[in-house]
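Coordinate-derived values only; no laboratory data. Computed from a predicted structure; not experimentally measured. Because the Cβ atoms are built from the backbone with ideal geometry, glycine has one as well, and the counts that use them run over all protein chains shown.
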């Protein structure tokens with residue numbers, strides 16, 4: 001039996017953890033042809049957990065392997081689909097991020113891709129301060 005249908009549940013991939021999550025939207029094939037899978041991924045967003053952290057003022061630091069990641073665009077920004085995630089991530093309050101890295105990021109930017117070793121150095125800073 002063919003599992004295709006003319007309706008599909010929309011999902012996004014979390015820009016932080018890269019896990020799929022439901023958006024609550026339903027997609028419909030206008031020609032009513034059975035062309036869609038049960039779930040269709042249409043873009044990037046924040047899963048409920050990471051949306052909550054972003055709303056509470058945290059910035060996610062996602063460690064990426066630069067050797068395996070794609071080349072950043074002309075503005076130096078790496079796109080989520082280009083980032084080869086290592087699985088390590090950390091969350092910093094936006095104010096702490098600005099102090100530690102001496103750079104401000106837009107308030108609507110939930111994530112920063114960092115090179116291997118950055119998260120380890122932050123953990124070492126926390127351990128030495130405590």
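Worth pointing out:
- Between the beta carbons of residue 115 and residue 79, assuming R0 = 22 Å, the FRET efficiency works out to 0.85 to the nearest 0.05.
- Stokes-Einstein diffusion of the chain at 37 °C, 0.692 mPa s viscosity, Kirkwood radius from Cα pairs, rounded to a whole number: 196 µm²/s.
- Among beta bridges identified by DSSP and lying wholly in the stretch 7-49, the antiparallel ones come to about 50 percent.
- Max mean-square fluctuation residue, GNM over the chain, Cα-Cα springs under 10 Å, options 85, 30, 68: 30
- Length-normalised contact order for the chain - Cα pairs under 8 Å, 6+ apart - percent: 22
- One decimal place: the segment residue 93-residue 31 gains 17.6 nm when fully extended, by the rule 0.36 nm per residue minus the C-alpha distance.
- Put simply, the convex hull of the Cα atoms in the stretch 7-49 casts, on average, a shadow of 2.9 nm².
- Between residue 5 and residue 51, the simple spin-label model (points 7 angstrom out along Cα→Cβ) gives 2.2 nm.
- Estimated inter-spin distance, residue 65 and residue 129, nm [label 7 Å along Cα→Cβ]: 3.1
- Angle in degrees between helix 118-129 and the longest Cα principal axis of the chain, rounded to the nearest 10: 40
- The stretch 57-129 has equivalent-ellipsoid semi-axes of 21, 16, 10 Å, by the square roots of 5 times the alpha carbon gyration tensor eigenvalues, sorted largest first.
- Among 24, 70, 45, the residue with the largest mean-square fluctuation in a Gaussian network model of the chain, with springs joining Cα atoms closer than 10 Å, is 24.
- Top of 39, 12, 50 by mean-square fluctuation, Gaussian network on the chain, Cα under 10 Å: 39
- Rounded FRET efficiency, nearest 0.05, which uses the C-beta distance separating residue 40 from residue 108 and R0 of 35 Å: 0.85
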